[in-house]
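Each remark here refers to the structure printed beneath this line.
The values are calculated or read from the model by the stated rules, or taken from the named source; none is laboratory data. What you see is a predicted model, and the numbers here were worked out from it, not measured in a lab. With ideal geometry, Cβ positions are generated from the backbone for all residues, glycine too; neighbour counts draw on all protein chains shown. With ligands, DNA and RNA removed, areas are computed over all heavy atoms of the protein, side chains included. Shrake-Rupley method; radii C 1.70, N 1.55, O 1.52, S 1.80 Å.
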Amino acid sequence: MSDLESRLSRLAVPANARPPVLPTADVAYALHDTPIGTLLLAVAGGRVVASSFGDEETLTTRLARAISPRVLRQPGALDDVRRQLDEYLDGRRHSFDLQVDLTLASPFQRLVLSDLPLHTSYGHTTTYGQLAGEIHKPKAARAVGTALGANPLCVVLPCHRVIGANGNLTGYAGGLEAKRFLLNLESKS
Amino acid sequence: MVRSTGVMVSEQVQLPPFQALIDEHWRDVIRLARALAGAVDGDDVAQRAWEKAFAAYPALKSARNLRSWLLTITARCATDLHRARKPQTPLDDAPPIAVTGPDADDWPDPDLWRAVNELPERQRLAVTLKYVGDLDHHGVAAALDTTPAASRRLVSDALTTLRDKLGVHHV
């Protein structure tokens, strides 16, 4: 590259430059810091589609494929969800008043997850086997566990209330420490 | 023999989340917009380019060359603004007036950018897309609706003029 060519390429981005501001996205998301870790929260068409511990790139790519590629980081669209989560994590809220959409879940995961708030209750735990029985899949305790592990709506759909028959916490997308935190929180509040 | 439906899935365009385009390319878009339209108008051009890209994005047929696609939209927005601002003149051979372009004094290397501003319009676009936009001649050609050979010629003519004006020589 000649001297002239490199002079042409040297134009810098000024310090006051800002990214664009766009209308509300088909999928709006925010990264929300909580005592149990950073949650990626997303809404589409007024419904919560994600509340997840996964990484931003993987999750937004899944959302782009499943819903629409117009996915934007727009925390303002998540104000209500964030407020309710904060209240819950403070022990001031026992249930969520949110519309949810399990579009990121498979049909079996949907069967397991959609009625979780009915099959569990605040401050109480149930077991994988019990839950499998309640959704009329008594032999599917292991598959139920896997479906809960894939919950795209962590905390909002309380998969943390389901534990092993022997009392082991077993597993949680946000780590066992997070699961313990949520169960302690619910038993105290 | 029954064929798997996997074939259909692989043919779908899998566009990345729009936020990834912004995070990766917003600086390049604003750099090009400012180089083509100046500091003040450049910000508007960049904003309008993103709005257009956002509106058109879901219908995009290919996820390849998204950066080049964004820079092409940016160049078109700058040209639209340029045309809208250009004083109407009945004379076809009126000298090119740089109504837009960098506010040369605010930029590093003001002599260079003043000279770029005075280039014929297509040369100015080509040389800016090539060096500020960092596009190859295929990318420049796509943005200017022309051939790579024509892009090469536009850029080479622009560089010759700039060297003459600035008194620099190819080494």
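Residues are listed down the side, and each one gets a yes or a no for (1) touching a helix residue (DSSP H, G or I) at 6+ places or on another chain (Cβ under 6 Å); (2) surrounded by fewer than 18 Cβ atoms within 10 Å (Cβ to Cβ):
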{"site": "B:A20", "(1), (2)": "no, no"}
{"site": "B:E24", "(1), (2)": "no, yes"}
{"site": "B:R27", "(1), (2)": "no, yes"}
{"site": "B:G38", "(1), (2)": "no, no"}
{"site": "B:A46", "(1), (2)": "yes, no"}
{"site": "B:A53", "(1), (2)": "yes, no"}
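Let's see how each residue does on (1) in a strand (DSSP E or B); (2) under 22 Å from A:A178 (Cβ atoms); (3) open to solvent by 40 Å² or more (accessible area, probe 1.4 Å):
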{"position": "A:V21", "(1), (2), (3)": "no, no, yes"}
{"position": "A:T24", "(1), (2), (3)": "no, no, yes"}
{"position": "A:A28", "(1), (2), (3)": "yes, no, no"}
{"position": "A:L31", "(1), (2), (3)": "yes, yes, yes"}
{"position": "A:T38", "(1), (2), (3)": "yes, yes, yes"}
{"position": "A:A42", "(1), (2), (3)": "yes, yes, no"}
{"position": "A:V49", "(1), (2), (3)": "yes, yes, no"}
{"position": "A:E57", "(1), (2), (3)": "no, yes, yes"}
{"position": "A:T60", "(1), (2), (3)": "no, yes, no"}
Practice task
Search region A:130-149 for residues that are free of Cβ contacts under 8 Å to residues at least 40 places away in the same chain and on the phi < 0 side of the Ramachandran plot and pair each with any residue that is small (G, A, S) and open to solvent by 50 Å² or more (accessible area, probe 1.4 Å) when their beta-carbon atoms are under 6 Å apart and the residues are at least 6 apart or on different chains.
Solution key: none
Exercise for the section: Determine whether region B:158-165 contains at least one residue that is under 24 Å from A:V13 (Cβ atoms) and within 12 Å of the chain's Cα centre (by Cα). Expected result: no
Handout entry: Listing of helices (runs of 4 or more DSSP H) fully contained in region A:110-189 that carry 2 or more residues being β-branched (V, I, T)
Key = A:141-149
Practice task
Taking the residues in region B:127-166 that are among the small types (G, A, S) and within 21 Å of B:A37 (Cβ to Cβ) as candidates, determine which candidate is most open to solvent (accessible area, probe 1.4 Å).
Solution key: B:A142
Handout entry: Residue match in region A:78-99 (condition: away from chain B (no Cβ under 14 Å), touching a Phe, Trp or Tyr at 6+ places or on another chain (Cβ under 6 Å), closer than 25 Å to A:G175 by Cβ and exposed (fewer than 14 other Cβ atoms within 10 Å of the Cβ))
Key = yes
Problem - Which numbered condition B:A49 misses (of (1) modelled with pLDDT under 95; (2) within 26 Å of A:A28 (Cβ to Cβ)) - result: (1)
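Tell me the residue from A:R70, A:R62, A:R18 that is of a type in the set (K, R), within 13 Å of chain B (Cβ to nearest Cβ) and within 30 Å of B:V116 (Cα to Cα), please.
Details: A:R70 fails: within 30 Å of B:V116 (Cα to Cα); A:R62 fails: within 30 Å of B:V116 (Cα to Cα).
Among A:R70, A:R62, A:R18, only A:R18 is of a type in the set (K, R), within 13 Å of chain B (Cβ to nearest Cβ) and within 30 Å of B:V116 (Cα to Cα).
Considering region B:26-58 alone, what residues qualify as being more than 10 Å from every other protein chain (Cβ to nearest Cβ) and assigned to a helix (DSSP H, G or I)?
Step one: of region B:26-58, the residues more than 10 Å from every other protein chain (Cβ to nearest Cβ) are B:36-38, B:40-41, B:44-45, B:52, B:56.
Hits for region B:26-58 are B:L36, B:A37, B:V40, B:D41, B:D44, B:V45, B:K52, B:A56.
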